[in-house]
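One structure is given below, encoded as structure tokens.
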Amino acid sequence: MASLRIAIVISAFASVTMLAGCGGGGSDSPEIVPKTGEFVPSFGSNGIAALDGSPFAGATASAQFAAADGASGVIRATGYLKSSSVRARLLPDGRPDAGFAGMGFVLHPADLASLPFSTQRSGLAVFARPDGTELLVESVFLPCMTGPTCGLLGGLGGSTTTAARLVDATGATVPGYGNPGTGEAQLIIEPIQALSEPSGAILVLGRAVAGIGGVRRNSLQRLAPQGLRDDGFAASTAASLDCPGLDPLRSTGAAMARRADGKILVAQSYAMGTAPANSTTCLTRLMPDGTIDATFGAGGRFTLPWDFQFDTMSPVALLALPNGGSALFLQKRRELNGNFHYHYMIATMTAEGAMDAGRFDRGITGPTDLHVAKLESVALQADGKFLVAGFPSIPENPPPYLAERTHRYDNSQPRIGRLLPAGGADLSFGPLGSGYTPLLSFGQRLSPRHLSIGPDRGIFVAGSLGAAGPVNDNEITKFAVGKLMGDSAAGQ
């Protein structure tokens, strides 16, 4: 029955999108205004803008981040094309901005390497600065052959580090940033997340090498506005980030958020025991200089209750709430009979570092697979509603192409849904009051990697665009950004 309902919703959604698309693109027919949660047909092609043509034709690419500028509405996006990072700028209607590098995008490096031991770069985030420059943060994979350096840098196949580059309004690198003469700053840390600060500094949370042999532990570092590593901040976080009693070498994931007052929240999950897999999640609050904030929880730390200590848990998103509290979204994975089943949970906490008993069930939501089971990205609206994007669980009687999946989620049916501030589905979102929208449009599938909300309340989805239907592991995908209709000003 659930499969039939999903099929009906998808069919209806495709019909609505097709009608809306027919009215745009210069047609004399009046454009049908999409409902909240539906693709905006005037953006790109039927709601999705993809980079195509040379050098993107026939090569695998994906957008990993996209955000619209509050003043101009221009969309800044980044990701990868083969082994190069992509830095793109789109106009508010989704067209590439020809004023940026002449084509609307820049590749780094410009030559697309295809050798098996080539350095691989992927854009992680891009941040605008008040002076008109933009800071690109990249994940850089350095392949490793043999020898002691490989062990020191982190592994059998190579190591991943962080690079940051400052570019001007035309896309050219600003040479005065970072290491002298290079225009690039580097951190020896495998990035998980990057955030910008009003000063122009950036915070990078990731995994740093802990000694010979490539064992990694969580690390939080800062790059100053000029691209230099803040050694004092790194020393402070090295002393305050670990959670007492938990093995820092057994972390299963981390996420961070920056509050309006400059304090930094970090969530870390750790594996406990062996089989069945159990996890413990600890939150730490740091002062802007990286030292512990002893006013939070117990001495600056708070451990989630036993409800969150079963199966493998990994933080997906940590959000600072307007009331000073926070909401942590965790991916939950359980192994059963050789298969991995996915759900997510939400922990809502007070500003003081305790579960917020006034929200959800004692501050706890889930385990649930509402809208999605495999969670890829989360965004917080100004009205307190949550957007979740990812993939649904596989139905009880799956079609043949899903029946043998070890990981029990359907990556051929990406979707975005909306949750109410007090929990539950927001049925005003998406077609037919379903609470979610399939990320499918005119035979194409947009697999989400990042969500953001624009100044016009539009919802931007960065990801990879492929053909609808069963996913082929070797398929060619496009660098793409989709836009969905957000709430009207009257509805906020």
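The values are calculated or read from the model by the stated rules, or taken from the named source; none is laboratory data. A quick note: this is a predicted structure, and the numbers were derived from the prediction, not measured. With ideal geometry, Cβ positions are generated from the backbone for all residues, glycine too; neighbour counts draw on all protein chains shown. These area figures cover heavy atoms from the full protein model, side chains too; ligands, DNA and RNA do not enter into them. Shrake-Rupley method; radii C 1.70, N 1.55, O 1.52, S 1.80 Å.
Equivalent-ellipsoid semi-axes for the range 156-288 (Cα gyration tensor, √(5λ), whole Å, largest first): 29, 18, 12. Among the listed pairs K385/K483; K35/K82; K82/K263; K35/K332; K263/K483; K263/K478, those whose Cα-Cα separation exceeds 29 Å are K35/K82; K82/K263; K35/K332; K263/K483; K263/K478. Since only P414, P244, G123 are under comparison, the one whose Cα sits farthest along the positive direction of the charge dipole of the chain, derived from C-beta charges on Lys, Arg, Asp and Glu, is P244. What's the carbon and sulfur percent of the range 247-322's accessible surface, probe 1.4 angstrom, rounded to a whole number? Whole-percent figure for carbon plus sulfur exposure: 61.
Taking N as the residue count of the range 237-285, its C-alpha radius of gyration divided by 2.2 N^0.38 Å amounts to 1.25.
According to the Cα-based calculation, Rg over Rh for the range 365-476 is 0.97, with Rh computed by the Kirkwood formula. For the range 356-489, with all protein chains in place and a probe radius of 1.4 Å, 50% of the accessible heavy-atom surface sits on carbon or sulfur.
Hydrodynamic estimate: the Kirkwood radius of the range 34-125 over Cα pairs, inserted into Stokes-Einstein at 25 °C and 0.890 mPa s, corresponds to D of 176 µm²/s.
Straight-distance candidates among the aspartates and glutamates for linking to K374, with alpha-carbon spacing under 20 Å and chain neighbours fewer than 8 residues away dropped: D307, D311, E335, E396, E404, D410, D426, D473. Rounded is the label for the chain, because the ratio a/c of its alpha-carbon gyration tensor axes (a ≥ b ≥ c) stays below 1.5. Dividing the summed -39500 (n - 2.57) terms of all DSSP H runs of n ≥ 4 by the residue count of the chain sets its mean residue ellipticity at 222 nm at -2500 deg cm²/dmol. Within the assembled protein chains, the solvent-accessible surface assigned to T119 is about 60 Å², based on a 1.4 Å probe. Net length available on complete extension from H407 to D111 is 103.0 nm, with 0.36 nm assigned per residue and the Cα-Cα distance removed.
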